[in-house]
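Engineer: Sharing a structure below in structure tokens format, with a few things to ask.
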Amino acid sequence: MKRRQFLQWSGVGMVAGVLGTSVLRAAPLRMPGSDATAGSMDAAWFRASRRYANLPFGRIAYVERGEGEAAVFLHGAPLNGFQWRGALERLSAHRRCIAPDFMGLGYSEVPEHQSLAADAQVAMLASLLDHLSVRHVDIVASDIGCAVAQLFLARHPSRVRSLLLTNGDVEIDSPPAGVKPVIEMARAGTLADTTAQWLTDTALARSTFGAAVYARPEVLTAETIAYYVTPLVGSPLRRAQYHAFHLALDANPLAGIEATLKRSEVPVRMVWGVSDSIFRLADADYLDRSFPRSQGVRRVEQGKLFFQEEFPEAIAEEARRLWGVS
């Protein structure tokens, strides 16, 4: 049964100019950390840099680098803020970069009965920014982080300077069909056990999850897998919350948000992995049509769901352009 679940998972992943559409065709792929700009931000650096904010929601983990105007980076599932290490390395000269871990994922520690739904994540994010004395923020988001970013914009429009959205939830595709088998694994209580096996079988992690969401599954080193998986399965409570996080995805958190997006005055740019089997390029086009101040879609031809780890230079380039910094 477990092997069959892994095979199911291998098909799902886990959860022209500034005003037009541009294309990134990545010739030889570079692994994160393969050049001088990204080499220092490995798992050890992230672990040593991790901080906690004591909020009404619990102890919220985050990593911060840089200073000045703030940018927040919202990760996907089952990842955590480590997903954005390459982007933070490249952008911390321009922004105070903050990468929190969502409740129910990563290293954030929350009480047993804390809601893990997208609305609660929005409230947590607002509380975290208040705690850090951040009033206005640029948001960069992936996967379920895109839903949280849109909801944050809807709830707190005056606090958002810009949105940079990568492959992730939109109202017409949330949850996407490819994530529903994962939700069913959470409902059956098998998702944590399945994920835990990656800690002792790197090859299996790469051939299933990795092959589904990365152009080069070898990005999942044993160190990376451990940083992502260990907090998800470290205790019965964390396993239960890992399941609860995914069960909360079953109801579309973005239902009815389109009208709000169409009234937004915030500049928005999409950077989309074209090879993703979870979120379609049509989802990026939908966002492009929905936001009045959309600056178009940049296509990352080889990119799958979590291309941000393999192509951090694309994220950094588009963020600098959107933010108006050189």
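Engineer: Subtracting the Cα-Cα distance from 0.36 nm times the residue separation, let me have the gained length for Asp193 to Ile172 in nm, one decimal.
Structural biologist: Full extension of this stretch gives 4.4 nm more.
Engineer: Here is a follow-up. Please compute one quarter of the surface area of the Cα convex hull for the chain and express it in square nanometres.
Structural biologist: 14.5 nm²
Engineer: Same structure, new question: With point charges of +1 on the Cβ of Lys and Arg and -1 on the Cβ of Asp and Glu, referenced to the Cα centre of the chain, which listed residue (Val160, Ser127, Phe245) lies farthest in the positive direction of the dipole?
Structural biologist: Farthest towards the positive end: Val160.
Engineer: Antiparallel versus total DSSP beta bridges in region 2-323: what percent is that, nearest 5?
Structural biologist: 30 percent
Engineer: In square nanometres, what is one fourth of the surface area of the convex hull spanned by the alpha carbons of region 71-113?
Structural biologist: Orientation-averaged projected area of the Cα hull: 3.2 nm².
Engineer: Can I ask one more? Can you order the peptides 106-113, 260-267, 246-253, 206-213 by their average number of other Cβ atoms within 10 Å per residue, highest first?
Structural biologist: 206-213, 246-253, 106-113, 260-267
Engineer: To the nearest 20 Debye, how big is the dipole of region 2-323 about its Cα centre, given +1 on the beta carbon of each Lys and Arg and -1 on that of each Asp and Glu?
Structural biologist: With Lys and Arg at +1 and Asp and Glu at -1, about 140 debye.
Engineer: If you place +1 on the Cβ of every Lys and Arg and -1 on the Cβ of every Asp and Glu, how big does the dipole about the Cα centre of region 256-326 come out, in debye to the nearest 20?
Structural biologist: The calculation lands at about 320 debye.
Engineer: Tell me the relative contact order for region 139-189 as a rounded percent, counting alpha carbon contacts under 8 Å between residues six or more apart.
Structural biologist: 40 percent
Engineer: I'd like to know which of Gln302, Trp84, Pro231 lies farthest towards the positive end of the charge dipole of the chain, counting +1 on Cβ of Lys and Arg and -1 on Cβ of Asp and Glu.
Structural biologist: After comparing all options, I get Trp84.
Engineer: Something else about it: Give me Rg over Rh for region 129-240, both radii from the alpha carbons and Rh done the Kirkwood way, two decimal places.
Structural biologist: 1.03
All of the numbers you see were taken from the coordinates with simple rules; none came from a lab. Just so you know, these numbers come straight off a predicted model, no measurement behind them. Methodologically, a virtual Cβ is constructed for each residue, glycine included, from the backbone with ideal geometry; neighbour enumeration extends over all protein chains shown.
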